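J.: This structure is in structure tokens; I'll ask about it shortly.
Please treat every number below as a calculation from the coordinates, not as lab data. All values reported here derive from a predicted model rather than from experimental measurement. Positions of Cβ are generated from backbone atoms using ideal geometry, with glycine treated the same way; all protein chains shown enter the neighbour counts.
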Amino acid sequence: MNKKSNPHTIKRVIKTLYSFYPVLLPVTVVCILLSSAAAAVPDVFIKKVISIIEKWGETGDWAGAKTELVPTMLILVAIYVVALIMVYVYNQFMAVITQGFLSKMRKKMFDGMQNLPIKYFDTHKTGDIMSTYTNDIDTLRQLISQAIPSLLRAGAVVLSVFGVMLYYSIWMTLILVVGVIFMMYVSKKAGGGSAKYFIRQQKSLGKAEGFIQEMMNGQKIIKVFCHENAVKQDFDKINDELKNDSFRAHSYANSLGPVIMNIGNVLYVIMAVAGGLFYLLGIRNFALSFNPVFSLAIAVTFLNMTKQFTGNINQCSQQINAVVMALAGAERIFTLMDELPETDNGYVTLVNAEIDENGNITETDKHTGLWAWKHPHGDGTLTYTKLSGEVTLDGVDFEYEEGKPVLHNVTVYAKPGQKVAFVGATGAGKTTITNLINRFYDIADGKIRYDGINVNKIKKSDLRRSLGIVLQETNLFTGTVMDNIRYGKLDATDDECISAAKLVGADDFITRLPEGYETLIANNGANISQGQRQLIAIARAAVADPPVMILDEATSSIDTRTEAIVQRGMDSLMKGRTVFVIAHRLSTVKNSDVIMVMEQGRIIERGTHKELIEKKGKYYQLYTGAFELE
């Protein structure tokens, strides 16, 4: 974040705040200004009270002085009561505005994050993103609840007191202005020095949190490889960087308050000396009140106003830290919110369908178990294509980074109900193909068609709804086993979830859990085995009952005995479906209709297990090597 972006950022924060509370915010600001303006009134009354007492001392007329003094005191009390009410009201309103603003901002961030492409999460650390939701949001809390109200209050008091000063004596006001200019110069120097380090502090904090989260997720690996000391050293470096940035930021900031306060004290003494000299020497007063006499009452009033003026200037300078930190945090928040969402120009949708005896397809609101692609055309007509699960890749090229191709001229034809397997060394591009089918990434060249329809024409949500995916890395969510299975189909009944679990062989171990299907899973399933987690993930895909399944090393975390159980369930699950299988265990792909052997992003061999063995090429080498290893 640079200095030029600060005005735009603070403007955007205020604009967003106003959009959330278009009525409550102005009312709160008015309450703050009224309560603050009342702070300047006592100085006027003090001058009046001193004048009344001076007059009483000269005339000895106590009755007359009392007649003037009592109403003055009552008005002053009334003003204080009104100010107290205003303070209470705006504090209550600010609590509502602050917490509501933070809640709405988090919601906007999270809602926007759900629309971001997978590439964003592949290129940004989870801990750094989390820091935006916690630390950066908290800086906005300080800005909204403390810094802005303090600046408004202080600004209102300064302007009010300045007006009263000009009214009573322009000469004295000019002396004060010179002192305040010097105070502001010092504030700018100190504040400018701390600003860049507060920005760096926010970045270092996000980096530290990202590192901590990464280490927490990898504790087993750290301990297995006895890497504790190395991790400590890495953390110490990051922590020292955070400490140094924080120290420099706060060393500037913490020195600012005492410096400003002492300048204010010196200015107070100067004002006292100047006021005394003006009074003793009888210097003609020059003021908007046109009062030619510089009285003792004016001198005393100016001393009080000087304390108020410099005190509020100091209060403004103290908020520089909060403002700078909030701007750094807001910049990161808006950067996340401004990330371009995943583009989706698809217009072909997935609908419930009915098919009559003549093969005519019609759309229906009922769940029939049959699906069709609803394809609108430019002339206003609609055509329906039965969802059958035919997937073809024709001459597909792809690269994650420009100039670094991952796939070259990949062509795959998967007929409905076929099982297509991809085998090859790590990094050959197997998983990339499945990422392209569900459009986590878009291809650079070639065509991918689903039931004869270019996948770019299909809405991404409908495309992905027709695909069942089981990944090598299993992610389970906090909730019951039943909740996690139902994640594949949110409107699935308990019976459907149980049937899916039975289909893939997960029911046996689930029923033996302490609470069965109601057993609570937390921390990504840390309380169950890796194989059990994988079985739940497979059941989650099964309950969705999709026509196309993508199995990316789906049985890699399962022991041989469990694999045999799962394989029988998987065979039932795959029956009648188009299935893409990625596997390192070649024994799991022997019964595939076609096996694609990949190397460096190219398909170098294709055929059935028998055909490829007879060719004695790459697959033969892989298989016999694996066979001998077993």
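J.: Quick one: go through region 101-129 and flag any residue whose amide nitrogen is under 18 Å from the point 7 Å out along the Cα-to-Cβ line of SER461.
T.: Within reach of a label on SER461: 108-118.
J.: Multiplying the sequence separation of LEU74 and LEU382 by 0.36 nm and subtracting their Cα-Cα distance, what value in nm do you get?
T.: 102.8 nm
J.: Sequence gap at least 6, Cα distance under 8 Å: using those rules, report the relative contact order of the chain to the nearest whole percent.
T.: Relative contact order here is 13 percent.
J.: So, one more: Going from the alpha-carbon gyration tensor of region 274-415, what semi-axes, largest first and in whole Å, does one get by taking the root of 5 times each eigenvalue?
T.: Sorted largest first and rounded, they come to 83, 24, 13 Å.
J.: Then there's this: Compute the FRET efficiency between TYR120 and ILE238 as 1/(1 + (r/R0)^6), taking r as their Cβ-Cβ distance and R0 = 35 Å, and round to the nearest 0.05.
T.: 0.90
J.: Between ILE270 and SER19, how many nm apart are label points set 7 Å from Cα along the C-beta direction?
T.: Inter-label distance under the simple model: 4.6 nm.
J.: Let me ask you something else. Using only helices, what value at 222 nm comes out for the chain when you add -39,500 (n - 2.57) per DSSP H run of length 4 or more and divide by the total residues, to the nearest 500 deg cm²/dmol?
T.: Computed ellipticity for the chain at 222 nm equals -20000 deg cm²/dmol.
J.: Here is a further query. Expected output is a single nm value to one decimal: the length gained when fully extending between LYS447 and ARG12, i.e. 0.36 nm times separation in residues minus the C-alpha distance. What is it?
T.: Stretched fully, the LYS447-ARG12 segment lengthens by 152.4 nm.
J.: What order do you get for 495-506, 362-373, 130-141, 228-239 when each peptide is scored by the mean count of other beta carbon atoms within 10 Å, highest first?
T.: 495-506, 130-141, 362-373, 228-239
J.: Once you put a point 7 Å from the Cα of THR67 and another 7 Å from the Cα of ASP491, both along the Cβ direction, what distance in nm separates them?
T.: Result: 8.6 nm between the two label points.
J.: If you take the charge dipole of region 453-511 about its Cα centre, with +1 on Lys and Arg Cβ and -1 on Asp and Glu Cβ, which of THR474, ASN454, LEU503 is farthest toward its positive end?
T.: Working it through, the farthest residue towards the positive pole turns out to be ASN454.
J.: Something else now. Taking the highest mean first, how do the peptides 22-30, 272-280 order by number of other beta carbon atoms within 10 angstrom per residue?
T.: In descending order of packing, they fall as 272-280, 22-30.
J.: State the Kirkwood hydrodynamic radius of the chain in Å, one decimal place, computed from all pairs of distinct Cα atoms.
T.: Taking the inverse mean of 1/r over all distinct Cα pairs, the chain comes out at 31.1 Å.
J.: Among the helices of the chain (complete DSSP H runs), which have Cα atoms covering no less than 24 Å along the helix axis and a Kyte-Doolittle mean of at least -0.5?
T.: Span-like helices, by this rule, are 41-59, 62-113, 148-168, 170-217, 228-281, 296-318, 320-337.
J.: Which values of log₁₀ I(q)/I(0), to two decimal places, follow from the Debye formula for region 313-375 at q = 0.12, 0.14, 0.15, 0.19 Å⁻¹ with a uniform point scatterer at every Cα?
T.: Relative scattering, expressed as log10 I(q)/I(0), comes to -0.58, -0.64, -0.68, -0.81.
J.: How many angstrom lie between the C-alpha centres of region 75-138 and region 439-488?
T.: The two parts, judged by their Cα centres, are 34 Å apart.
J.: At a Förster radius of 25 Å, what calculated FRET efficiency corresponds to the Cβ-Cβ distance of LYS415 and LYS615, to the nearest 0.05?
T.: It comes to 0.65.
J.: Only bridges whose two residues both fall in the chain count here: according to DSSP, what percent of them are antiparallel, nearest 5?
T.: Expressed as a percentage, antiparallel bridges in the chain total about 65.
J.: Distance in nm between label sites at THR480 and THR368, each 7 Å beyond Cα in the beta-carbon direction?
T.: With each label placed 7 Å out from Cα toward Cβ, I get 3.4 nm.
J.: Give, in nm to one decimal, the length gained when the segment between TYR88 and LEU281 is fully stretched (0.36 nm per residue of separation minus the Cα-Cα distance).
T.: Gain in length upon complete extension: 64.8 nm.
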